[in-house]
Amino acid sequence: MITNIDRSELLSLIDDGALVLDVLPQEEYESGHIPGAVNLPLRSLDTHAVASMAKGKPVVVY
Amino acid sequence: MSPRAACRLEAFGFERVFDYTLGIADWRAAGLPIEGKPPTSLVVSDATRGDIPTSQLDEPIGDVLARTSAAGWEEALVLDCGDVVVGRLRGSSWEHDPGTPVSTVMELGPTTVRPNTLLEPLVERMEGRGTSLVVVSTPQGALVGVMIRTEARRLIQGEPSEQIWLDCEGCPGRWKTL
């Protein structure tokens, strides 16, 4: 299920240990991202890229 | 971009997918810490405050005026379809009968700027036109906050944000001092 969230919900999810994915291109990620966010640009988001991630853990994209 | 990513993750079998639709622009606007190369120039989000009062279309103008004044503001923004800015309330908007619905007295289609717009050239244009405040929204029109020209000018002149936005909820720099 996909849930749209606002900033306060994001902050609680971060506190709860959610994985945060920045799906913007690498240059944009490097110019500033949410601390701890992992860069996974949309164009490289495939099954191989997510193989090591736990499917049951909350994951936030932006 | 993120709705597409969220959709793909769900297809890959992730059970709890969350989309922070307002993204990094909203995060910056709240003054939360950023990781990465520091920006070379100030942008609008560096001076965007998220505490301007907002209203729905069907609220009576009197209620919104009371709330706006109590918060120390002279204007408010009207939101619809979620967080999309559809109108602005200021000046003569307030002079109607208190029971009048906001939708009939608001200024339609306020000008908005994007959070990643360079700050200084915009402030110079605002100074030239005598504009005191501009609405900041995402490219989709969702409200991020407002930029007040005099505050932005102080930031450009090097004043620390904590000093410009004292005691302001949701203002740039507020979180950095926590």
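Taking the listed residues B:ARG114, B:ARG153, the one that is free of Cβ contacts under 8 Å to residues at least 40 places away in the same chain and either surrounded by 20 or more Cβ atoms within 10 Å (Cβ to Cβ) or not hydroxyl-bearing (Ser, Thr, Tyr) (or both) is B:ARG153, with no other qualifying.
Filtering segment B:23-60 to residues that are of a type in the set (A, V, I, L, M, F, W, C), more than 7 Å from every other protein chain (Cβ to nearest Cβ), open to solvent by 20 Å² or more (accessible area, probe 1.4 Å) and not in a helix (DSSP H, G or I) leaves B:LEU42, B:VAL43, B:LEU57.
Annotation: B:TRP165 fulfils all but one of (1) among the aromatic types (Phe, Trp, Tyr); (2) without any contact (Cβ under 8 Å) to a residue 40 or more places away in the chain; (3) in contact with a Pro (Cβ under 9 Å, 6 or more places away or on another chain); the unmet one is (2). Quickly run through segment A:7-21 and pick out the residues that are within 9 Å of chain B (Cβ to nearest Cβ) and either of a type outside the set (D, E, K, R) or open to solvent by less than 20 Å² (accessible area, probe 1.4 Å) (or both). Within segment A:7-21, A:LEU10, A:LEU11, A:LEU13, A:ALA18, A:VAL20, A:LEU21 meet the criteria. Scanning for something closer than 24 Å to A:GLY17 by Cβ and small (Gly, Ala, Ser), does segment B:12-25 turn up at least one residue? Yes: one or more hits.
Residue-by-condition table, conditions (1) more than 16 Å from the chain's Cα centre (by Cα); (2) of a type in the set (Ser, Thr, Tyr); (3) more than 20 Å from B:ILE24 (Cβ to Cβ); (4) open to solvent by 70 Å² or more (accessible area, probe 1.4 Å):
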site	(1), (2), (3), (4)
B:MET106	yes, no, yes, no
B:MET126	yes, no, yes, no
B:SER137	no, yes, no, no
B:ARG149	no, no, yes, no
B:GLY158	yes, no, yes, no
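Residue-level check: of (1) under 19 Å from B:ALA29 (Cα atoms); (2) without any contact (Cβ under 8 Å) to a residue 12 or more places away in the chain, B:LEU79 misses just (2).
From the list A:VAL50, A:VAL60, the lone residue that is open to solvent by less than 70 Å² (accessible area, probe 1.4 Å) and outside any loop (DSSP other than H, G, I, E, B) is A:VAL60.
Evaluation of A:GLY32 against the conditions (1) open to solvent by 40 Å² or more (accessible area, probe 1.4 Å); (2) more than 13 Å from B:TYR20 (Cα to Cα); (3) more than 13 Å from the chain's Cα centre (by Cα); (4) of a type outside the set (Lys, Arg) shows that the sole unmet condition is (1). Remark: pairs (first residue in segment A:12-38, at positive phi; second residue at pLDDT 95 or above and assigned to a loop (DSSP other than H, G, I, E, B); Cβ separation under 9 Å; 6+ apart in sequence or on different chains) = A:GLY17/A:PRO58.
In this structure, B:GLY145 qualifies as surrounded by 19 or more Cβ atoms within 10 Å (Cβ to Cβ) and closer than 26 Å to B:GLY23 by Cα. Among residues of segment B:61-72 being among the hydrophobic types (A, V, I, L, M, F, W, C) and part of a helix (DSSP H, G or I), the one that is farthest from B:LEU155 (Cα to Cα) is B:ILE61. Candidates B:GLY99, B:GLY87, B:GLY109: the one that is in the same structural domain as B:VAL134 (by TED's automatic domain parsing), on the phi > 0 side of the Ramachandran plot and not aliphatic (A, V, I, L, M) is B:GLY109.
A single member of A:LEU24, A:LEU40 is facing another protein chain (nearest Cβ under 7 Å) and touching a strand residue (DSSP E or B) at 6+ places or on another chain (Cβ under 8 Å), and it is A:LEU24.
The values are calculated or read from the model by the stated rules, or taken from the named source; none is laboratory data. Values in this document were obtained by computation on a predicted structure and should not be read as measured data. Neighbour counts run over all protein chains shown; Cβ positions are idealised from the backbone, glycine included. Side chains included, ligands, DNA and RNA excluded: accessible areas come from the protein's heavy atoms. Shrake-Rupley method; radii C 1.70, N 1.55, O 1.52, S 1.80 Å.
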